[in-house]
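One structure is given below, encoded as structure tokens.
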Amino acid sequence: MITFDKVSMRYGDGGAALTNISFEIKKGELAFVTGHSGAGKSTLLKLILAIEKSSGGQLIVNGVNVNRITRRRTPYHRRQIGTVFQDHQLLLDRTVFDNVALPLEIAGFDPRDAARRVRAALDKVGLLHKERLNPAKLSGGEQQRVGIARAVVNRPRIILADEPTGNLDPELSAEVMRVFEQFKNVGVSLLVASHDASLITSLHYRTLTLDHGRLVADQPELKHGPQASR
Amino acid sequence: MARKPRAKQDRSLVRIHAIRQWLLTHGRVARSSGWRLLAQPGSSLLTAFVIAVSLLLPALLFALNSNLTQLLAEFQQDPQISLYLQNTLTETEGLQVSEDLLSRPDIATVDFISSAQGLLEFSAASGLGEVLLQLPSNPLPATILVTPVSEEAALIDALATELGLHPAVALVQIDRLWRQRLQAVSRLISVAGSGLAVIVVLGLFVIVGNTIKLAIENRRMEISVIKLVGGTDSYIARPFLYSGLFYDSVGGLLATVLQLIVLYLVNIPLRDLLKLYDSAFVLQGFDLSGAMLLILAGTSIGWVAALIASLRHIWSLEP
């Protein structure tokens, strides 16, 4: 679903953000991207979303050559990808429900179908009872889960998450990972950027390690290791 | 066999559904941007008022001009040539000249005004009767008013020149100069109106563009999030286009109301003035089509201005 082939990314000032990155994430695969802050985790996700353009190599996402994507096609490309942002990116002028409904509204869903999907997504993250609240009234962890509900409401084929457990205690982190696993099990590809070492090691998923913009390790999934609780 | 028409029906159902969905979406966006404007009634109304005043100025000029044109048409019916006869001519000789003129094929009517008759009319009209009576002799010449058959300016000019050569005629005057002046003034007003209209259109672009730009700046965060979750530029621009549309349609409506008030106020003294001139002239300038045009012009300017401003600013806003 996601194929990086010798992808490099340089900033305007000549500094290299990513150098010669190659890896592939298959359908139904969940992988972590880890590394120190500034190693290029967020840049990697931005390349996939076509927020940033790579300066070399080839990046194919969901059959789309992201390097060559036109401005007109970019929104439709992003609709195939659910993204959980580190800083939630929730809109504080509308309810939790409306925040989660946003991707459906943009895609022109029938409001009744949309409402059903929104409630299903909120139920999945355990926030159905808070749909009428303003996100500002929620805790950091709850806001993060609203962001997750918004990322999955469109039933995307790819989910990207940038530090999705950053504000959560271990118990909630495990819960979020369980939601991600449900999607992985129905064939969604997930790429989770995180520096939460204990979470990563406890789950035994494939782990890509970045260091100063280079891919220094690609630890495959431990098939027989313990998994997150069902 | 039976499946084919079914599929066709399904497709058209899908299309109807898509159109319905599209209309619903637009309705929702229009409602929400309307509410957004109503949430700040003061500033929204102020913007609409500025737009209204801008629209009002050229609208009034055009109204003034259309009135002048109408006034001109009223006086344009029969252009006349005044022939002032030599003072040495007696009244009988003058009458003879006018009768000779009437036999010409290019002259429709003649009206002989003797010098005595002219003096009577003048003293009655000017109120200088007493003063004129003091004069030792009548200073006014006898006059023949000639109405040419043709209304063409060139033919009338030629006729006037020819009549001027008549030995009995001292001076020829075509009753056209003041009308030409009025026409020149009318042309000037029309040019000024067009110039002002251009300036106002540019001004409206700036006003609406700036308002939309500020609205976009205020919703930067929202736009960025919408872009991240796959909103197209046109989806993002839609509410701003509706607000531009609302601003200027309300502005156009306000301008119409203001114009109505101005015309009403002008009409009162104007009626008295026209009564003095014995004119059947009725003040024009307010009719439904004019009002519609004003509102439509305002609305379309608003929409285009909003379109340019929003696309420009939304384009440059990247997550």
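State which residue is farthest from residue A:61 (Cα to Cα) when the search covers only the stretch A:95-113 and only residues that are outside any helix (DSSP H, G or I) and either open to solvent by 50 Å² or more (accessible area, probe 1.4 Å) or at pLDDT below 90 (or both).
If we filter the stretch A:95-113 for residues that are outside any helix (DSSP H, G or I), which is where we start, we get A:95, A:107-110.
Cutting the leftovers down to either open to solvent by 50 Å² or more (accessible area, probe 1.4 Å) or at pLDDT below 90 (or both) gives us A:107-110.
On the way: A:107: 20, A:108: 23, A:109: 24, A:110: 28 Å.
So, considering only residues that are outside any helix (DSSP H, G or I) and either open to solvent by 50 Å² or more (accessible area, probe 1.4 Å) or at pLDDT below 90 (or both), the one farthest from residue A:61 (Cα to Cα) is A:110.
Can you say whether residue A:90 is crowded, with 19+ Cβ neighbours inside 10 Å, over 30 Å from residue B:35 (Cβ atoms), touching a Gly at 6+ places or on another chain (Cβ under 8 Å) and not polar (S, T, N, Q), as far as the supplied structure shows?
Working: crowded, with 19+ Cβ neighbours inside 10 Å: yes; over 30 Å from residue B:35 (Cβ atoms): no; touching a Gly at 6+ places or on another chain (Cβ under 8 Å): yes; not polar (S, T, N, Q): yes.
So residue A:90 fails the test.
For the stretch B:194-212, state whether one or more residues are small (Gly, Ala, Ser) and either within 14 Å of chain A (Cβ to nearest Cβ) or touching a Leu at 6+ places or on another chain (Cβ under 7 Å) (or both). Quick ask: steps written out before the conclusion?
Here is the first cut: in the stretch B:194-212, the ones small (Gly, Ala, Ser) are B:194-195, B:197, B:203, B:209.
Those left that are additionally either within 14 Å of chain A (Cβ to nearest Cβ) or touching a Leu at 6+ places or on another chain (Cβ under 7 Å) (or both): none.
No, every residue in the stretch B:194-212 fails to be small (Gly, Ala, Ser) and either within 14 Å of chain A (Cβ to nearest Cβ) or touching a Leu at 6+ places or on another chain (Cβ under 7 Å) (or both).
Kindly indicate which of A:145, A:116 is more than 14 Å from chain B (Cβ to nearest Cβ), of a type in the set (Lys, Arg) and surrounded by 20 or more Cβ atoms within 10 Å (Cβ to Cβ). Give the steps one after another, and end with the answer.
Working: A:116 fails: surrounded by 20 or more Cβ atoms within 10 Å (Cβ to Cβ).
On inspection, the qualifying residue turns out to be A:145.
Which ones in the stretch A:64-87 are more than 14 Å from the chain's Cα centre (by Cα), open to solvent by 70 Å² or more (accessible area, probe 1.4 Å) and not hydroxyl-bearing (Ser, Thr, Tyr)?
A:68, A:71, A:72, A:73
Inside the stretch A:1-79, counting only strands (runs of 3 or more DSSP E) that do not spill past its ends, which hold 3 or more residues that are farther than 28 Å from residue A:165 by Cα? Full working, then the answer.
Working: elements: A:2-10, A:16-25, A:30-34, A:56-61.
The qualifying strands (runs of 3 or more DSSP E) are A:2-10, A:56-61.
Of these, A:67, A:62, A:99, which one is in contact with a Lys or Arg (Cβ under 8 Å, 6 or more places away or on another chain) and away from chain B (no Cβ under 14 Å)?
Values: A:62 fails: away from chain B (no Cβ under 14 Å); A:99 fails: away from chain B (no Cβ under 14 Å).
When all the criteria are applied, what remains is A:67.
How about the stretch A:148-164: which of its residues are surrounded by 23 or more Cβ atoms within 10 Å (Cβ to Cβ) and away from every other protein chain (no Cβ under 11 Å)?
A:148, A:149, A:152, A:159, A:161, A:164
Residue A:91 versus (1) among the aliphatic types (A, V, I, L, M); (2) within 14 Å of chain B (Cβ to nearest Cβ); (3) not in a loop (DSSP other than H, G, I, E, B): which is the lone unmet condition?
(3)
Residues B:237, B:255: which one is modelled with pLDDT of 85 or more, under 29 Å from the mean Cα position of the chain (by Cα) and either within 23 Å of residue B:300 (Cβ to Cβ) or not aromatic (Phe, Trp, Tyr) (or both)? Quick ask: steps written out before the conclusion?
Values: B:237 fails: under 29 Å from the mean Cα position of the chain (by Cα).
Only one candidate qualifies: B:255.
Of all residues being touching a residue at least 12 places away in the same chain (Cβ under 8 Å) and on the phi > 0 side of the Ramachandran plot in the stretch A:2-22, which is surrounded by the fewest Cβ atoms within 10 Å (Cβ to Cβ)? Just the residue, please. Break it down into steps so the answer makes sense when it comes.
Taking the stretch A:2-22 first, the residues touching a residue at least 12 places away in the same chain (Cβ under 8 Å) are A:2-10, A:16-22.
After this cut, where a residue has to be on the phi > 0 side of the Ramachandran plot as well, the list is A:6, A:20.
Numbers: A:6: 13, A:20: 15.
Looking at residues that are touching a residue at least 12 places away in the same chain (Cβ under 8 Å) and on the phi > 0 side of the Ramachandran plot, I get A:6.
The values are calculated or read from the model by the stated rules, or taken from the named source; none is laboratory data. Since we're looking at a predicted model, the values are computed, not measured. As a convention, Cβ positions derive from the backbone with ideal geometry for all residues, glycine included, and neighbour counts pool all protein chains shown. In case anyone asks, the SASA skips ligands and DNA or RNA and just uses the protein heavy atoms, side chains included. Shrake-Rupley method; radii C 1.70, N 1.55, O 1.52, S 1.80 Å.
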